[in-house]
Amino acid sequence: MSGIVKIFDTTLRDGEQAPGCNMNIEEKLRVARQLAALRVDAIEAGFPIASPGDFQAVQKIAREINGLVICALARATEEDIKCAWEAIKNAEKPRIHTFIATSDIHLQYKLRMSREEALERAVWAVQLAKRYTDDVEFSAEDASRSDVDYLCQVIKAVIKAGATTVNIPDTVGYAIPNEFGRLVATIRERVPNINRAVISVHCHNDLGLAVANSLAAVQNGARQLECTINGLGERAGNASMEEVVMAIRTRGSFFGMDNNIETKKIWQSSRLVSDITGMLVQANKAIVGANAFAHEAGIHQDGFLKNKETYEIMIPESIGRSKSTLVLGKHSGHHAFRRQLEELGYKLTDEEVSRVFKRFKILADVKKDIFNEDIVALIAEEVYIIPNIFELEHVEAHSIMGQLPKAKVRMRVDGQSMEMESTGDGPVDAVYSAIKKIVKNDFPLVGYFVKGITGGTDALGEVTARIQDGEQVVNGRGSDTDIIMASTKAYVNALNKLEQWRISRKKNGK
Ligand code: KIV
Ligand code: ZN
């Protein structure tokens, strides 16, 4: 191995820009802690000028997370750069990431600037950022559609101005691997001071080529990859962190490279981001999909049983995914339970362990076998739950063939118990309709997803309910062996999140 490719995670910035994926401050902190445990080299914590919530989240992450670079995004303006610095100034290793577009199409229609003006602005922005911190990254937005000579001129100038990382984004996911690799090679050949900066790439997945383009860039000298957990991001998303990391790790001798990632934390990270954002991971997704390590065809199973290497190029344990082995049952004690949590990588307080243990016992009464995945779902619900304004007290739903389903719901709203009945197209619809009557609001349900966590008809079902209030979209989660209950919990969780968001907006004077 001759070098390390740095992993710059932008789940909290570009990832969060994906429709419906916004996270609150506490959720962003949880993701940032997980990214630190994964040992990424840099976290792009957000775009502080975008909103007071984004600013606060970046500030909290900068104050709490040590040992790696904490980066904030800023356009090439004084206001953005000052704001980015304010948010990250307490970080142990702060980085300002400033950008301006360099393609003619962006210059002409979006920025209404000439090439000369954009170049001057880029240099000015880097010089301004440099007054605050030595670690400055510059991105030439839409680099892959920019004139190569001009792009090289901009890169040379920003490095001269002090940029320590130069990022080449394929902003619209237009590049093809050979072509993108050549672009990086050309930059290395033509920019005389390129050795003074790290070359980074940031690839979008519009043609499904983000990972391939990132890897082609590594082969041609890129030493930082910008990526997101589960490939979240604008439109079709960004290069998926787990895919680029495992490609480099698994084919280390081909690339002559490695990365610093603690790959055993990959599965847990993917699961956490999916839980928080409500973006389910497709079953056949590389590395973290439910089927990524499943061998179904008889001929494959036969070979696999004779020698795993016939059909397995990575082992599930390498990404922290033990096979769905039975871990605990009804008679397991508090001690064994705590040990299992620790093995899964959770460091919980005594009080949190007791809460999850209580839920585990209730689950063990209705579900014979409890798997790691079940425990992770209970933790997500019990420990990471947000303070409740709305509390569920009673749910009843009836479905009779040929009749309209009916539901009765009782909830505590601000300490007061309220009950409503309603009908609906199905039992879940009837429950949701009763809840809407209680909270006297009709937030549209913009997404509803059900997932079986482990196999069998007694499996824990996990529901994500996505609701919208104006511009704000939140994802609520609920799990239960009863799918109506899981759906109800998910909706109430979403209402609580929305309420929490409203309260924090009020505090910020909005
Ligand atoms: O896609 C893009 O070009 C970006 C830049 C801000 C790096 O996200
Ligand atoms: Zn991007």
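The values are calculated or read from the model by the stated rules, or taken from the named source; none is laboratory data. Source: prediction; values computed, not measured. Glycine also receives a Cβ, built like all others from the backbone with ideal geometry; neighbour counts cover every protein chain displayed.
Some observations on this one:
- Filter result for R112 (closer than 20 Å to V154 by Cα and of a type in the set (K, R)): yes
- Residues satisfying the stated conditions in the range 188-220, i.e. farther than 25 Å from A286 by Cβ and more than 16 Å from ligand 1 (Cβ to nearest atom): R188, E189, R190, V191, P192, N193, I194, N195, R196
- Which numbered condition M420 fails, given (1) free of Cβ contacts under 8 Å to residues at least 24 places away in the same chain; (2) in a loop (DSSP other than H, G, I, E, B): (2)
- Among residues of the range 285-316 being at pLDDT 85 or above and over 18 Å from I229 (Cα atoms), the one that is surrounded by the most Cβ atoms within 10 Å (Cβ to Cβ) is M314.
- Qualifying residue in the range 24-42 (condition: charged (D, E, K, R), in a helix (DSSP H, G or I) and closer than 20 Å to K93 by Cβ): yes
- Hey, F8 modelled with pLDDT of 95 or more, buried (at least 17 other Cβ atoms within 10 Å of the Cβ), outside any helix (DSSP H, G or I) and among the hydrophobic types (A, V, I, L, M, F, W, C) or not: yes
- Qualifying residue in the range 261-268 (condition: in contact (Cβ under 8 Å) with a residue 12 or more places away in the chain and over 30 Å from V450 (Cβ atoms)): yes
- Qualifying positions in the range 344-359 - surrounded by 16 or more Cβ atoms within 10 Å (Cβ to Cβ) and more than 27 Å from the chain's Cα centre (by Cα): F357
- Some residue of the range 57-71 being out of contact with any helix residue (DSSP H, G or I) (no Cβ under 9 Å at 6 or more places or on another chain) and within 15 Å of ligand 1 (Cβ to nearest atom): no
- Residue within the range 133-145 that is more than 16 Å from ligand 2 (Cβ to nearest atom), touching a residue at least 12 places away in the same chain (Cβ under 8 Å), aromatic (F, W, Y) and buried (at least 17 other Cβ atoms within 10 Å of the Cβ) present: no
- Among the residues of the range 102-121, those identified as out of contact with any Ser or Thr (no Cβ under 8 Å at 6 or more places or on another chain), touching a residue at least 12 places away in the same chain (Cβ under 8 Å) and either on the phi > 0 side of the Ramachandran plot or within 16 Å of ligand 1 (Cβ to nearest atom) (or both) are I105, H106, R121.
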